[in-house]
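Down below is the structure, laid out as structure tokens.
Only the coordinates and a few stated rules stand behind these numbers; no lab work does. Just so it is clear, the model here is predicted, and its values are computed rather than measured. Glycine gets a Cβ as well: all are built from the backbone with ideal geometry, and neighbour counts include every protein chain shown.
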Amino acid sequence: MQNDKGFTFIEVILSLLLFSVTVAVIVPAFVIVQQERQAIRSERDGEQLILHLYHENNDLDELDGTFVHLRSTTFYIKASNNNMMDILCVSWQGGNGREYDRCLSNKKR
């Protein structure tokens, strides 16, 4: 009778293979989740920024064409107004590589 203490070579190789496949599937999914979290955070920052800029500035025309850097995102501000409406837009590229744009419009103040 043999002294069976430990794993065979094939058991070790199969367990390493299973571990490798599991890691190969989980790591890309984790990266995608982190990119989406960054995009959601940037979206919230953009919405807060547009509200803050609208309520803190009387002359929206001076904001037109400016850039605001907040955390790791650069926001581009577009402002316009006509006789009836003030329009303030913020655009940026999210952490996932997609372009985002949020606008706020209101009757003339």
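Entry note, the chain: relative contact order of 21 percent, from Cα contacts under 8 Å with a spacing of 6+ residues.
Annotation for the stretch 1-90: chymotrypsin sites (Phe, Trp or Tyr not before Pro) lying in DSSP loop with at most 12 further Cβ atoms inside 10 Å of their Cβ are Phe7.
Label positions at Thr74 and Val31, each projected 7 Å from the Cα along the C-beta direction, are separated by 2.4 nm. Electrostatic bookkeeping for Trp92 treats Lys and Arg as +1 and Asp and Glu as -1; over the other residues with beta carbon under 14 Å from its beta carbon, the sum is +1. Across the alpha-carbon set of the chain, the Rg to Rh ratio works out to 1.47, Rh being the Kirkwood radius. The helix-based estimate of mean residue ellipticity at 222 nm for the chain, built from -39,500 (n - 2.57) per DSSP H run of four or more residues and divided by its residue count, is -16500 deg cm²/dmol to the nearest 500. Axis angle, to the nearest 10 degrees, between helix 9-56 and the longest C-alpha principal axis of the chain: 10 degrees.
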